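Note sheet for the following structure.
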Amino acid sequence: MKRTRFYEAHRRAGAKFIEFFGWEMPLEYSGIVSEHLAVRERAGLFDVSHMGEIIISGPEALSFVQYLTPNDVSRLLPGQAQYTALTTPQGTFVDDLLVYCLDLNKYLLVVNAANTEKDYKWILNHRGAFNVTIDNASDRISQLALQGPRAMEILQPLTDINLEQLRPFWWQQGKVAGLDCLVSRTGYTGEDGFEIYTESPEPVIIWDAIMEEGKPYGLLPAGLGARDNLRLEAKMMLYGNDIDETTTVLEADLKWIIKFNKGDFIGREALLKQQEEGLKRKIAGFELIDKGIARRHYPVYYRGEKVSEVTSGTYSPFLKKSIGLTYLPIEATEIGTELEIGIREKRVKARVVPTPFYKRPK
């Protein structure tokens with residue numbers, strides 16, 4: 001299994017490891033619940049170096065990334081980032097990702113660890129006549145995510161970047177703990193926070209500095225267990241669970257990342273047709289009324305008939321209730337609609353609720 005450059009730091013911190021798409025990654029350190037609550041109430045530090053980084057550069061980089069993704073990359077100035085997707089001709093997901101505008105002819109695509117090689121091949125296969133260079137930089141780049149309401153206070157003494165001036169989905173180059181980094185105000189938890197990218201061969205210097213600086217604030221190292229629960233509370237999609245090559249961008253309730261007016265992109269015609277004809281199903285959030293925890297693949301019933309499966313589900317440590325996501329027939333997606341979830345031999349009552357389940361206080 002592959003290991004990130006922070007592996008020894010995780011061992012020192014008492015991490016329990018799991019295999020995650022070929023990577024040996026921390027599942028938890030002090031416990032999923034304590035790490036989850038630390039992020040919501042104080043701060044947590046995640047190693048997300050397993051994520052993939054693909055750099056597209058050259059005279060036609062903008063045109064090529066516009067063609068690959070449904071969002072409007074031309075709106076990005078150097079220093080900006082956006083959430084988007086790689087889409088198939090059917091309007092479904094190859095992956096979801098962040099695009100960073102490094103320069104007007106250079107873009108960084110941050111993709112899911114599970115999909116890095118697949119995405120890289122997809123991009124190469126669709127290059128066509130575009131005058132671009134495609135660089136899979138994943139092995140060179142390490143990435144940390146510092147998330148939570150105290151994240152800025154912890155990171156600011158360690159960097160020469162004015163973090164207060166860094167708006168959400170903007171980034172700057174600078175030093176963190178003396179190392180060259182790209183720091184963006186982004187994350188996958190629903191909290192304020194920062195993602196830190198570096199090509200330094202010794203990035204553990206940054207990990208150690210943040211952990212030391214965060215001690216007075218109650219900072220905890222956090223693993224994939226807390227990360228999964230946090231992103232679900234914030235209704236952030238997980239590829240392979242909530243989105244994949246069978247679900248369209250519209251069905252995933254991500255219409256806001258589609259900019260039909262920008263011109264052609266892979267999947268445009270299929271998505272336009274689906275929008276015109278109307279959706280037959282869409283993702284929806286639910287909470288359990290009765291006791292139980294809805295897990296992935298558990299059957300979902302509407303009016304007595306099985307209509308779907310749970311795509312993501314957990315007991316929310318912060319909200320103290322069982323929540324989940326599922327694709328439902330469009331008539332069943334109205335708030336308050338009653339459902340049943342098959343948990344072992346029982347059918348447990350649930351209802352459709354507004355999402356995201358959690359919004360951080362302003």
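A few remarks follow.
- Complete set of residues in segment 250-277 that are over 19 Å from residue 126 (Cα atoms), surrounded by fewer than 13 Cβ atoms within 10 Å (Cβ to Cβ) and of a type in the set (D, E, K, R): 273, 276, 277
- Residues satisfying the stated conditions in segment 297-316, i.e. part of a loop (DSSP other than H, G, I, E, B) and surrounded by fewer than 17 Cβ atoms within 10 Å (Cβ to Cβ): 297, 303, 304
- Contacts under 9 angstrom Cβ, first residue in segment 215-228 being over 14 Å from residue 30 (Cβ atoms), partner modelled with pLDDT of 95 or more and basic (Lys, Arg), 6 or more apart: 217/42; 217/150
- In the condition set (1) farther than 22 Å from residue 42 by Cα; (2) touching a helix residue (DSSP H, G or I) at 6+ places or on another chain (Cβ under 8 Å), residue 201 is compliant with all but (2).
- Residue 339 falls short of the stated requirement of being aliphatic (A, V, I, L, M) and closer than 30 Å to residue 61 by Cα.
- Scan of segment 8-22 for residues that are in contact (Cβ under 8 Å) with a residue 12 or more places away in the chain and crowded, with 18+ Cβ neighbours inside 10 Å, ordered by number: 9, 10, 15
- The set of residues in segment 222-248 being within 15 Å of the chain's Cα centre (by Cα), among the aliphatic types (A, V, I, L, M) and in a loop (DSSP other than H, G, I, E, B) consists of 234, 236, 237, 238.
- For segment 116-136, a tally of residues being in a helix (DSSP H, G or I) and under 19 Å from residue 267 (Cα atoms) returns 8.
- Within segment 44-54, none of the residues are farther than 28 Å from residue 222 by Cα and outside any helix (DSSP H, G or I).
- Hits in segment 124-150 (condition: over 20 Å from the mean Cα position of the chain (by Cα), in contact (Cβ under 8 Å) with a residue 40 or more places away in the chain and under 26 Å from residue 23 (Cβ atoms)): 134, 135, 140
- Note on segment 89-104: among residues that are of a type outside the set (Phe, Trp, Tyr) and farther than 22 Å from residue 196 by Cα, the one that is surrounded by the fewest Cβ atoms within 10 Å (Cβ to Cβ) is 89.
The values are calculated or read from the model by the stated rules, or taken from the named source; none is laboratory data. None of the values given here were measured: they were computed from a predicted structure. Please note: Cβ atoms are built from the backbone with ideal geometry, for glycine as well, and neighbour counts cover all protein chains shown.
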